[in-house]
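Beneath this line is the structure, given in structure tokens, with notes to follow.
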Amino acid sequence: MDYRDTLNLPRTKFKMKANLTQKEPMYLQRWDKEDLYHKLQQATQGRPRYILHDGPPYANGNIHLGTAFNKVLKDIILRSRRMAGFDAPYVPGWDCHGLPIEHNVDKELGEKKNTIPLLAKRGACRKYAEKWIKTQKQQFKRLGVLGDWEEPYLTMNLQYEADIAAEFNKFLLSGSVVRSRKPVYWCSTCNTALAEAEVDYGDHTSPSIYVKFPLKTDPAEIAPELSGREVSVLIWTTTPWTLPANMAIAFHPAFDYAAVETGEEIWILAKELVDQCFAEFGIDDYQVLATFSSDQLEGKHCRHPFLDRDSLLVLADYVTADSGTGCVHTAPGHGADDYLTGLRYGLDILSPVDDAGCYTAEAGKYQGRQVPDINDAINNDLASDGSLVKKTDIVHSYPHCWRCKKPVIYRATEQWFISMEKNDLRKKALKAIDNVTWTPAWGKQRIYGMVESRPDWCLSRQRSWGVPLTVLVCDDCGEVLQSREVCDRIEQLFAREGADAWFKYEAADFVGDTRCQCGSTNFRKESDILDVWFDSGTSHAAVLERRKELRSPADLYLEGSDQHRGWFQSSLLTSVGTRGRAPYRGVLTHGYVVDGQGKKMSKSVGNVIAPQEVIDKYGAEVLRLWVASENYQDDVKVSDEILKHVSDAYRKIRNTIRFLLSNLADFDRKRHTVSPDTFTEIDRWALSRYAELVRRISRAYNEYEFHAIYHGLHNFCGTVISSLYMDILKDRLYCSLADDPERRAAQTVIYRILDGLLRMMAPILCFTTAEAWEHFHGLSQDAPLEQSIFFAEFPTVDDIADDPEFDERWDQLLLVRGEVTKVLEAARRDKVIGLSLDAEVVLKADDKELEEFLRDNIELIKELCIVSSLRLVDTLAQEEKTEVGKGEALPELTIGVRPAAGNKCERCWVIDPSVGVDAEHPTLCARCVDVVRSLTD
């Protein structure tokens, strides 16, 4: 007789090999064809709504791993919220306007870009964006991201463009929009102003120069000791190209300054920096002739070193003594602090640089020269005329254009701004920040500091592809037209024809019969377009308030940590400025995706990993699991080694699912489920561990702690299930009668655990759980999608009460098991035994309480250790063929392992004295004899 036929061996069609790269597209095709997303939305109608608003990626190029990480993170959250009982719609979006698209279209157009009509160029930009939206949409869907992909929001949609204009008009009519000449970031390569969020900081080498400005005022007015002497103020700068714009030199109001003699010259600099500076200059021969407060300097004048112009000496508290001379070269047209100082002292806001970054006539002999390339020429000229004291190079953090990656300049130009002070926008925004939940918590301080110190919002961009500033200026008096009637006309026309209407029609078509306050009917249209951050920042109006399935404020905005100065901030300001509140209740940020060593990914370095590479090699499922495995609050590391580790973890999780499924092949939940009073102790323990996991996972989903979910599920599958519960249960599951109450009890517990595990994994492992759920419930390939796991909810464990006393007892049992296992491993290594079932274990306790515990639980410990025999003894001596070890965590426990006495049962592999007793089945133990007879009777 083949006793193998009498065993309840595991069986399932759920394969060990996942074949994700082949199976995933098949699932995606079905979900798309049968419209899974809208079926889910129909099923969840009437539930409480959870709104995660999608920050729009830019419609330019293939998605990268950071974009994929962001989209999968959002998908995990939304899937989890649906399974937690919410209606969680997802409307994806795209940012479609702006410089990167226009820049690429210009490259495609070549020389035509200079002659192509404006509306034709805008049409080319629209087509370019549409092409990449189509590409990115497929790439996002390949990741398993569920959403309304057929009706996403696009910032270039006609109604969206009308909504952008409407939101701008609200600021315009409230008086918050101002035109001013002040310094802004300017990219000479892209010929446009830039917002703070469009600037990236990176290392840059700049010249560090010390320059003499000859004192024009009689030096005796500063200190009597200087009477009749030639005196200069010594300034320090790292931007020689801004010297033609110098209008002043700033001193700190609280610093003392010194007049220092070296050779025939006298230089003025901060008293506390004298020694440091002269050491830098390599000059040993110097002496301080006089010291004085900065008050003595205010209002005096120096001569510009190479232009026929005076430089006013002023006071400013931003001057520091950390570096330089404590005398700060001040160019109001090229610096934010300098600008404010210029306003305070009535200085000209001079910026002798044109849009292309070339000097104008105001720069004298340098007219037409490019900045900052001119630095060397200026330095050489200063050296030639004796004005240059010292020049070195320094590497420091410097702003670069986010698009062309070239260094930018700070330049005063006429631009349109939203004032942070008018209508108390700054105060209101700071107050709104306090009412938002920030994850991680440090995000609150970060954005608070940025809003607190940010300048007015520069809205205007000197480009073509975008929504125009819908400003009409009177030709006769220069006033801006502020008319609700005109704004309504603009918005209605935009809704019908899009923002192209602004460039298609004349000003009179928008103005109608409206007159300026001066009586004029002559107006001109503003030609600049809006900052694209205003476009995406008004999505709360154009999307959340317009789509019936959404609402404002959203429950969550989720993007990378760079968006504290980008989308989070632009959305905050546009909402607070027009609605008095933030557009979100919560904000979650994640770090950047970097390589395994924490370095930024770069094509030139060769450490870039594309999402498609990961999908082609491992499947999207492993990429999703990687997203969940990382603590996104820090920078997120990825490498081949990390992905291989995640792939191994996936394989272990899948094998656990397979093992559980295979042991339910003959279990029908309706017919075979048994009541909890049938459960053995280990069944109860497994359920208590499961209940603890469910509570932990539920909490982690609510708090967006996905790495805790990953580790919790991985450890539970690997330790609680595979290494403990299922390993110990094999004997009961395989060798008992199929309908043995204890076997059905084990299957009842396995069913519940597997059901819960699949539900808890589903938001992350959407493909695998979909497949496993079909096997679990015997669903055919054409079964309605409504029977899939995505319509299920998270498990509940309210019926499994906490039992601290039970848990404490099991902690002790597992501690004993751990000690025994170590000695079993040593015995196996020393070839005393083969399998653990070959062993007899003897235990000796030197502690009465421990001895009593062992005696009370001797059979259970034997089951836990999976040995053929386990006994408690009073004495334990080292014998031949006996491995003896002392407990580490339980030093009062001595463990002996030796070959068990008797023969091995052919059916269950237990070594038992009863093997050979039965004549009909001489190779079976008494238990297996009873089972086999029951089967054959």
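The values are calculated or read from the model by the stated rules, or taken from the named source; none is laboratory data. The shown structure was predicted, so the numbers you read here are calculated from the model rather than taken from an experiment. Here Cβ is always computed from backbone atoms with ideal geometry, including for glycine, and neighbour counts include all displayed protein chains. Note: accessible area is taken over every heavy atom of the protein model, side chains too, but ligands, DNA and RNA are not part of it. Shrake-Rupley method; radii C 1.70, N 1.55, O 1.52, S 1.80 Å.
Between the DSSP loop rule and a limit of at most 12 other Cβ atoms within 10 Å, which GluC sites (Glu not before Pro) in the range 799-898 are left? Display every interim value, and only then the final one.
On the way: sites: E805, E808, E819, E825, E840, E849, E851, E852, E859, E863, E879, E880, E883, E888, E892; in loops: E879, E880, E888, E892.
For GluC sites (Glu not before Pro) across the range 799-898 that sit outside H, G, I, E and B with at most 12 neighbouring Cβ atoms in 10 Å, the list reads E879, E880, E888.
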query = How long is the gain from L876 to I394 if the chain were fully straight, where each residue apart is worth 0.36 nm and the alpha carbon distance is subtracted?
reply = 166.0 nm
inquiry  = Taking a cut-off of 16 Å, what percent of all Cα-Cα pairs in the range 671-721 are separated by more than that?
reply    = 49 percent
note = Per the helix-only model, the chain has a calculated mean residue ellipticity at 222 nm (DSSP H runs of ≥4, -39500 (n - 2.57) each, divided over all residues, rounded to the nearest 500) of -12000 deg cm²/dmol
Among 781-787, 330-336, the order from most to least packed when residues are scored by Cβ within 10 Å on average = 330-336, 781-787
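How high is the relative contact order of the chain, in percent, counting Cα pairs under 8 Å that sit 6 or more residues apart? Write out the running numbers ahead of the final one.
Details: 1645 pairs, mean separation 129.0, N = 937.
Answer for the chain is 14 percent.
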remark   = Around A708 (Cβ within 14 Å, Cβ-to-Cβ, excluding A708; K/R +1, D/E -1) the net charge comes to -1
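Using a 1.4 Å probe over the heavy atoms of the protein chains, calculate the carbon and sulfur portion of the accessible area of the range 101-167 as a whole percent.
Details: 1590 of 2990 Å².
Reported share for carbon and sulfur atoms: 53 percent.
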key: S208 long-range amide H proximity, modeled H, under 5 Å   = T392, D393, I394
message = How much length would be gained if the chain were fully extended between R11 and K730, taking 0.36 nm per residue of separation minus their Cα-Cα distance, in nm to one decimal?
response = 257.5 nm
note = Projected convex hull area of the range 520-641, Cα atoms, direction-averaged, in nm², equals 12.6 nm²
request  = On the protein heavy atoms, probe 1.4 angstrom, tell me the percent of accessible surface of the range 175-259 carried by carbon and sulfur.
outcome  = 45 percent
request  = Taking amide H positions as placed in the peptide plane 1.01 Å from N, state which residues far from I266 in sequence (5 or more) or on other chains have amide H under 5 Å from it.
outcome  = S232
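Are there any GluC sites (Glu not before Pro) in the range 426-535 that are in a DSSP loop and have at most 14 other Cβ atoms within 10 Å? List them by number.
The qualifying sites are E479, E506.
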Top positive-direction residue, dipole computed over the chain with Cβ charges, set Q138, I447, T882 = Q138
Cross-link pairs K131/K525; K23/K644; K182/K525; K406/K427; K107/K134; K113/K170 - those with Cα-Cα distance over 25 Å = K131/K525; K406/K427; K113/K170
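Which whole-number value in Å² is the accessible area per residue of the chain, probe 1.4 Å?
Numbers: 40050 Å² over 937 residues.
Per-residue accessible area for the chain comes out at 43 Å².
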ask   = For the range 280-291, what does the Karplus curve 6.51 cos²θ - 1.76 cosθ + 1.60, with θ = phi - 60°, yield as ³J(HN,Hα) per residue in whole Hz, taken in order and with x for Gly and Pro?
value = 4, 6, x, 10, 9, 8, 7, 8, 7, 8, 7, 10
ask   = Ratio of Rg to Rh for the range 438-532, alpha carbon only, Kirkwood?
value = 1.14
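Find out how many positive minus negative residues lie around E34, taking Lys and Arg as positive, Asp and Glu as negative, among other residues whose Cβ is under 12 Å from that of E34. Walk me through the numbers on the way to the answer.
Values: positive: R30, K33, K39; negative: D32, D35, D782, E786.
So the surrounding residues net to -1.
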remark   = Neighbours of G357 by Cβ distance under 12 Å: Lys/Arg at +1, Asp/Glu at -1, summed charge 0
task = May I ask for the angle, rounded to the nearest 10°, between helix 681-702 and the longest principal axis of the chain, with both axes built from Cα atoms and the value confined to 0 to 90°?
result = 10 degrees
Magnitude of the charge dipole, the chain, Cβ model with Lys/Arg +1 and Asp/Glu -1, debye to 20 = 2980 debye
ask   = Stretch D782-K599 to full length: gain in nm at 0.36 nm per residue minus the Cα-Cα span?
value = 61.2 nm
request  = Taking the chain as the reference, fit the longest principal axis to its C-alpha atoms, fit the long axis of helix 567-579 to the helix C-alpha atoms, and give the angle between the two in degrees, 0 to 90, nearest 10.
outcome  = 70 degrees
remark   = Under a 1.4 Å probe, counting only protein heavy atoms, K71 has an accessible area in Å², nearest 10, of 0 Å²
FRET E, pair E421, A120, Förster distance 35 Å, beta-carbon r, rounded to 0.05 = 0.30
Area accessible to solvent at F659, 1.4 Å probe radius, in Å² = 40 Å²
query = Over the range 780-897, what relative contact order in percent results from Cα pairs under 8 Å that are six or more residues apart?
reply = 29 percent
task = Rounded to the nearest Å, what's the spacing between the alpha carbon centres of the range 256-329 and the range 907-930? Just the number, please.
result = 102 Å
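What percentage of the solvent-accessible surface of the range 561-646, computed with a 1.4 Å probe over protein heavy atoms, is contributed by carbon and sulfur atoms? Numbers along the way, then the final one.
On the way: 1600 of 3480 Å².
Carbon and sulfur together cover 46 percent of it.
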message = Heavy atoms of the protein only, probe of 1.4 Å, neighbouring chains included. What is the accessible area of H564 in Å², nearest 10?
response = 0 Å²
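What FRET efficiency do you get for K134 and R546 if R0 is 25 Å and r is their Cβ-Cβ distance, rounded to the nearest 0.05?
Details: r = 23 Å, r/R0 = 0.93.
For K134 and R546, the calculated efficiency is 0.60.
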remark   = Quarter of the surface of the C-alpha convex hull for the range 788-901, i.e. direction-averaged projected area in nm², equals 10.4 nm²
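Heavy atoms only, 1.4 Å probe, whole protein assembly: order D798, D354, D640 by accessible area, highest first. Could you put the intermediate results ahead of the total?
Values: D798 145, D354 55, D640 100 Å².
In descending accessible area the options line up as D798, D640, D354.
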For the chain: span of alpha carbons on each principal axis (Å, largest first) = 125, 76, 47
Approximate spin-label separation D847-M450, in nm, with each point projected 7 Å along Cα-to-Cβ = 5.6 nm
